[in-house]
1. Name the residues in the stretch 180-212 that are more than 16 Å from the ligand (Cβ to nearest atom) and within 17 Å of VAL123 (Cβ to Cβ), would you?
2. Taking the stretch 13-44, which residues are more than 17 Å from ALA66 (Cα to Cα), crowded, with 20+ Cβ neighbours inside 10 Å and of a type in the set (Gly, Ala, Ser)?
3. Hey, can you tell me all the residues within the stretch 242-275 that are in a helix (DSSP H, G or I) and buried (at least 22 other Cβ atoms within 10 Å of the Cβ)?
4. Report, by residue number, each residue of the stretch 9-55 that is part of a loop (DSSP other than H, G, I, E, B) and among the small types (Gly, Ala, Ser).
5. Within the group LEU237, LEU261, which residue is under 16 Å from the mean Cα position of the chain (by Cα) and at pLDDT 95 or above?
6. Tell me, which helices (runs of 4 or more DSSP H) lie completely within the stretch 172-219 with 2 or more residues that are surrounded by fewer than 17 Cβ atoms within 10 Å (Cβ to Cβ) and either within 17 Å of the chain's Cα centre (by Cα) or not polar (S, T, N, Q) (or both)?
7. Can you tell me which residue in the stretch 319-329 is surrounded by the most Cβ atoms within 10 Å (Cβ to Cβ), limited to those that are more than 8 Å from the ligand (Cβ to nearest atom) and in a helix (DSSP H, G or I)?
8. Being more than 13 Å from the ligand (Cβ to nearest atom) and either assigned to a loop (DSSP other than H, G, I, E, B) or closer than 15 Å to TYR245 by Cα (or both) is the filter here, so list the residues in the stretch 330-339 that pass it.
Amino acid sequence: MNGHHAMPAGDRPGIGPPLWLLAELTYRCPLQCPYCSNPLDFAQTEQELTTEEWVRVLRQGREMGAAQLGFSGGEPLVRPDLPELIAEARQLGYYTNLITSGLGLTEAKVKAFRDAGLDHIQVSFQASDPELNNAVAGSRKAFDQKLAMARAVKEAGYPMVLNFVIHRHNIHQMGDIISLCERLGADYVELATCQYYGWAFQNREGLMPSKAQLQTAEAEVNAYRERLAESGSAMKLIFVTPDYYEERPKACMNGWGSLFLTVAPDGAALPCHSARLLPIEFPNVRESSLHSIWYDSPGFNHYRGDSWMPEPCRSCDEKDKDFGGCRCQAYLLTGNADNADPVCSKSPHHDRILAARKAADHATAGLEELTYRNANNSRLFFRG
Ligand code: FES
């Protein structure tokens, strides 16, 4: 990493810089995954930022001390200026990561990205076999393309990082998924159980695994880990379990406005990728500098500190650890984002989580009953 900029004067005591910047370059995507965390009404989003506007955001972020930069979406490969943005980010000294479905990628592009200085590529899969993968992705050609691109990434000298979103329709494949990754020569495998925001919240009943499914999957992952260790494999398995089966909430985004700054395709600046759904006004990089957005905007200051907390968080001795959990989840499940995250067993709304667990035990819906993430469905939500 080159030229780390000195911290500019005027930064507020107690508020660190946004070390992690997420650039959601576009909401456009060739796939239709029903667990997408993009907003339901994404199709209504106004004009995407231009190349020049993104470059300005990247510069401002780096000046404030941002070090990690993720390119995501939607599918970031849809943007023809991606190589240019990667080169700019590299020049500024960011550590860059591309989060992609692999669709729209070619071997030539992988090489071009490497030459432009991209540090890391993560390819996402939907399942371990083409039928299920393509049914979840809503695309007939997705699986073969993903396989080819995972290999191309590795051949270009990158570590192979594969991501699988896990839900009730693929959780039984855990062993097959890991063995596919092993055959591909993956270095890191993220088995991330679905988190329920955006489209995934809309489809929660059809996606959430039952407790029994989850336990079987965990046992399978652990058994596989032992086998990998015995065979001397260096492949790392990261299993992210769903917080709907926890009794304490997670410290979402490491605390609101503490590390993460997301810029949405239209320039909306958000403390997390889901915050757009909250009834809070968020600033836009077209109108304000990243510095004033991060330190001074009411949107970012809204849930900093703990003076906003009602009971039971206010007097909880764990509030410095979990910050009351996830604001987006509190809002989605209770209608009030100030409330404790209902994942917490101390929350008066914890029954909503218990009800969701119970529903997951009895759910029978097939994939065809899910609402797929596409522009048509998005427009329906907007009207509704
Ligand atoms: Fe928005 Fe947790 S996802 S605060």
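1. LEU180, CYS181, GLU182, ARG183, LEU184, GLY185, ALA186, ASP187, TYR188, VAL189, GLU190, LEU191
2. Correct list: SER37 only.
3. Residues satisfying the conditions are TYR244, CYS252, MET253, ALA275.
4. Within the stretch 9-55, ALA9, GLY10, GLY14, GLY16, SER37 qualify.
5. Step by step, each of LEU237, LEU261 is checked, and only LEU261 is under 16 Å from the mean Cα position of the chain (by Cα) and at pLDDT 95 or above.
6. Fully inside the stretch 172-219 and qualifying: 174-184.
7. Result: ASP322.
8. GLY335, ASN336, listed by residue number.
The values are calculated or read from the model by the stated rules, or taken from the named source; none is laboratory data. Remember, it's a predicted structure, so these values are computed and weren't measured experimentally. Cβ coordinates were reconstructed from backbone atoms using ideal geometry, including for glycine residues, and neighbour counts include every protein chain displayed.
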